[in-house]
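Working notes, beginning with the structure itself.
The values are calculated or read from the model by the stated rules, or taken from the named source; none is laboratory data. Everything quoted here is computed from the prediction, not taken from an experiment. Neighbour counts are summed over all protein chains in view; Cβ atoms, including those assigned to glycine, are modelled from backbone coordinates with ideal geometry.
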Amino acid sequence: GENVEQHPSTLSVQEGDSAVIKCTYSDSASNYFPWYKQELGKRPQLIIDIRSNVGEKKDQRIAVTLNKTAKHFSLHITETQPEDSAVYFCAASKTDSWGKFQFGAGTQVVVTP
Amino acid sequence: NAGVTQTPKFQVLKTGQSMTLQCAQDMNHEYMSWYRQDPGMGLRLIHYSVGAGITDQGEVPNGYNVSRSTTEDFPLRLLSAAPSQTSVYFCASRTPTGETEAFFGQGTRLTVV
């Protein structure tokens, strides 16, 4: 089955700096890669996603890149702000997976003023 | 439009007790899933359903049962609670059309003593 590895497990950045989280996946058939943000005590919420026919996607300060050959994808947050502090999860799924996601273990991001 | 609703939000059980976590969605999503979240382990799939009357096991199904009698509801039953089932449980739903995000409920924090 699919296996998703996520690094780092914790990331501390100064406000205004950039943060990068990396994930690798094992199943070459995976074709959908969402990123979820989870604030303390809250539910995971989608912040950005990318499909396998796209190499990069950007939404304001957030971008995701996908390298299908190497089977890895990354989340980039620029100009970090204290409200970016949260746990971020990457995930992978494929068309015939009946709605199932394989999640990474999560990255705790702390943005210090 | 309430999205995905889980009840209860918090629960304390004694070892050996049984209980049902409720999940309901009003988005007419065919796909529904239950995940458990433990520190450092991300979200792990317990059971999932692709429509009314159809369920299957995920990564960590032992000690849990599910049923899906309607499109809207997907309850998770703990048969005989154990301390190892102390966790935060999330229900999620997703449309089967294409690769799309999963919507999560607000979670149930369960403690088994």
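Points to keep in mind about this one:
- Some residue of the stretch B:29-48 being of a type in the set (S, T, N, Q) and within 8 Å of chain A (Cβ to nearest Cβ): yes
- Residue in the stretch B:9-22 that is touching a Gly at 6+ places or on another chain (Cβ under 7 Å) and either loosely packed, with under 15 Cβ neighbours inside 10 Å or away from chain A (no Cβ under 11 Å) (or both) present: no
- Of all residues making up the stretch A:41-75, the number that are part of a strand (DSSP E or B), more than 14 Å from chain B (Cβ to nearest Cβ) and aliphatic (A, V, I, L, M): 3
- Scanning the stretch A:95-110 for residues that are crowded, with 20+ Cβ neighbours inside 10 Å and of a type in the set (Val, Ile, Thr), we see that the one that is nearest to the other protein chains (Cβ to nearest Cβ) is A:THR107.
- Taking each residue of the stretch A:49-71 that is over 21 Å from B:PHE103 (Cα atoms) and looking for partners that are in a loop (DSSP other than H, G, I, E, B) and acidic (Asp, Glu) with beta-carbon atoms closer than 8 Å, six or more apart or interchain, yields A:ARG61/A:GLU79.
- Of all residues in the stretch B:88-113, those being hydroxyl-bearing (Ser, Thr, Tyr), over 18 Å from B:ALA24 (Cβ atoms) and not in a strand (DSSP E or B) number 2.
- Meets criteria (modelled with pLDDT under 95, buried (at least 18 other Cβ atoms within 10 Å of the Cβ), over 10 Å from the mean Cα position of the chain (by Cα) and among the basic types (Lys, Arg)) for B:ARG94: yes
- Among the residues of the stretch B:88-113, the one identified as closer than 14 Å to A:SER97 by Cα and among the hydrophobic types (A, V, I, L, M, F, W, C) is B:ALA102.
- The residues of the stretch B:88-113 that are β-branched (Val, Ile, Thr) and closer than 13 Å to B:PRO75 by Cα amount to a single one, B:THR108.
- Top-ranked residue of the stretch A:51-68 - restricted to ones that are modelled with pLDDT of 95 or more and among the β-branched types (Val, Ile, Thr), ranked as surrounded by the most Cβ atoms within 10 Å (Cβ to Cβ): A:VAL64
- Verdict on A:GLY1 being in contact with a Leu (Cβ under 7 Å, 6 or more places away or on another chain), in contact (Cβ under 8 Å) with a residue 12 or more places away in the chain and either within 30 Å of B:GLU30 (Cα to Cα) or buried (at least 16 other Cβ atoms within 10 Å of the Cβ) (or both): no
- Considering the stretch B:56-70, and only residues there that are surrounded by fewer than 17 Cβ atoms within 10 Å (Cβ to Cβ) and closer than 18 Å to B:GLY105 by Cβ, the residue that is nearest to the chain's Cα centre (by Cα) turns out to be B:SER67.
- So A:LYS22, is it surrounded by fewer than 16 Cβ atoms within 10 Å (Cβ to Cβ), out of contact with any Asp or Glu (no Cβ under 7 Å at 6 or more places or on another chain) and assigned to a strand (DSSP E or B): no
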